[in-house]
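Taking it in order: structure first as structure tokens, then the write-up.
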Amino acid sequence: MPLLNLADLADSLPAAWKSRVLAEAGDCNIKVLKMDGQSSPAETHDYNEALIVISGALRLSVLGEEIEVAAGEMYLAPAGVPHAVAAGSHGVLMIVDPIGS
């Protein structure tokens, strides 16, 4: 696999909050997306989801708690727990989740 610049890849995506699968590792997808400051409604998965901030910040609302994930940090969204993106999230986000999700 070639060396990938995650910021450039996210910047080339046609729309914010639409991820692109970059690779597979084991039984997981590795995805990238760009965050544009907009919020999104809560979602729940039947699997754990790793949210890794490459640049900027991800603001989450999880069970009534506001969580800010800074560049270089990861939040593990547990299976079955609703999480929503709060306004102000911006930058580049990497997601690791199961293939087929």
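The values are calculated or read from the model by the stated rules, or taken from the named source; none is laboratory data. What you see is a predicted model, and the numbers here were worked out from it, not measured in a lab. A quick note on method: Cβ atoms are made from the backbone with ideal geometry, for glycine too, and the neighbour counts reach across all protein chains shown. Note: accessible area is taken over every heavy atom of the protein model, side chains too, but ligands, DNA and RNA are not part of it. Shrake-Rupley method; radii C 1.70, N 1.55, O 1.52, S 1.80 Å.
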Regarding Ser89, is this residue more than 26 Å from Asp8 (Cα to Cα) and among the hydroxyl-bearing types (Ser, Thr, Tyr)?
no
Pairing a residue in segment 33-59 that is more than 13 Å from Leu6 (Cα to Cα) with any residue that is β-branched (Val, Ile, Thr) and open to solvent by 30 Å² or more (accessible area, probe 1.4 Å), where Cβ atoms lie under 7 Å and the two sit 6 or more apart in sequence or on different chains, gives Thr44/Val81; Ala50/Val96
Taking only segment 68-101 into account, find how many residues are under 19 Å from Val21 (Cα atoms), in contact with a Gly (Cβ under 9 Å, 6 or more places away or on another chain) and among the small types (Gly, Ala, Ser).
1
Quick check on Gly64: is it without any contact (Cβ under 8 Å) to a residue 12 or more places away in the chain, among the small types (Gly, Ala, Ser) and surrounded by fewer than 13 Cβ atoms within 10 Å (Cβ to Cβ)?
yes
Number of the exception - Val69 against (1) more than 19 Å from Asn5 (Cβ to Cβ); (2) open to solvent by 40 Å² or more (accessible area, probe 1.4 Å):
(2)
Just to verify a result, which residue in segment 16-44, among those that are among the small types (Gly, Ala, Ser) and within 22 Å of Ala71 (Cβ to Cβ), is surrounded by the most Cβ atoms within 10 Å (Cβ to Cβ)?
Ser19
